[in-house]
Amino acid sequence: LAGMLEEWLYVLTIDGEGKGSHWEVLDCRGQKHRVLPSMPGPVKTGFGVAVLNVKLLVIAGYSMIDGTGFPSGDVFQYDSCLNRWSKLANMNVARYDFACAEVNGMVYAVGGYGMDGKYLSSVEVYNPDDDKWTLIESLRRPRWGCFACGFEGKLYVMGGRSSFTIGNSKFVDVYNPERHSWCEMKN
């Protein structure tokens with residue numbers, strides 16, 4: 001997983017056994033710049049990454065502790081100026097393998113898997129001004145393993161799986177923050 005921030009590339013590397021991980025920072029030529037301090041909390045998979053106000057956010061994910069796996073609602077932020085991690089507000093719904101993206105200074109988390117591997121249609125948005133996640137209108141159907149991006153002030157969710165499709169979904173869900181509503185582009 002990688003994210004662009006301040007013209008540096010942040011890369012999460014995981015050891016061969018999947019037990020340890022660390023973030024590295026590369027410059028624009030791909031040269032290693034430094035290793036970041038360890039991210040708090042247990043090692044996770046299936047988390048989301050977003051860049052907000054030149055800070056790297058690592059959102060939710062799936063953790064294994066003492067052989068038991070569970071989704072997380074934890075959110076951590078890396079500040080490159082201070083070279084440290086801090087904890088942000090927890091999400092309302094613990095999730096993993098979801099889509100996330102920044103749109104108009106807010107971060108959206110869409111779908112994924114929740115507790116007991118349940119497919120999620122819930123959507124929430126993070127407002128950095130008050131450090132709060134708020135549930136908004138859900139998707140029409142659960143969606144997981146998908147991708148999201150912000151474009152021209154709207155949130156686009158595509159790919160992945162849906163409980164109403166066979167194979168990968170060809171639908172694109174589009175959220176308009178001004179209207180607080182979803183619409184759908186087919187195929």
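The values are calculated or read from the model by the stated rules, or taken from the named source; none is laboratory data. Source: prediction; values computed, not measured. With ideal geometry, Cβ positions are generated from the backbone for all residues, glycine too; neighbour counts draw on all protein chains shown. The protein model used for the area step is the full one, side chains on, heavy atoms only, and it has no ligands, DNA or RNA in it. Shrake-Rupley method; radii C 1.70, N 1.55, O 1.52, S 1.80 Å.
Taken as a whole, the structure leaves Met4 outside the set of residues that are over 27 Å from Cys149 (Cβ atoms), part of a strand (DSSP E or B), in contact with a Phe, Trp or Tyr (Cβ under 9 Å, 6 or more places away or on another chain) and modelled with pLDDT under 90.
Looking across Tyr119, Tyr126, one residue alone is farther than 26 Å from Leu56 by Cα and within 17 Å of the chain's Cα centre (by Cα). It is Tyr119. In this entry, Tyr96 is excluded by the filter for residues that are touching a Leu at 6+ places or on another chain (Cβ under 7 Å), within 15 Å of Phe47 (Cα to Cα) and not acidic (Asp, Glu). Kindly indicate the residue of region 39-69 that is part of a loop (DSSP other than H, G, I, E, B) and touching a residue at least 40 places away in the same chain (Cβ under 8 Å) and also farthest from Lys87 (Cα to Cα) among those meeting that condition. Going through the qualifying residues, I end up with Gly46.
Taking region 85-187 as the region of interest, the strands (runs of 3 or more DSSP E) fully inside it that hold 1 or more residues being of a type in the set (S, T, N, Q) and closer than 18 Å to Val51 by Cβ are 123-127. Scanning region 17-29 for residues that are open to solvent by less than 90 Å² (accessible area, probe 1.4 Å) and modelled with pLDDT under 75, we see that the one that is nearest to the chain's Cα centre (by Cα) is Ser21. Could you tell me whether any residue of region 83-93 is charged (D, E, K, R), over 14 Å from the mean Cα position of the chain (by Cα) and under 13 Å from Leu56 (Cα atoms)? Yes, some residue in region 83-93 is charged (D, E, K, R), over 14 Å from the mean Cα position of the chain (by Cα) and under 13 Å from Leu56 (Cα atoms).
Considering region 101-149, and only residues there that are among the polar types (S, T, N, Q) and surrounded by fewer than 20 Cβ atoms within 10 Å (Cβ to Cβ), the residue that is nearest to Pro177 (Cα to Cα) turns out to be Asn104.
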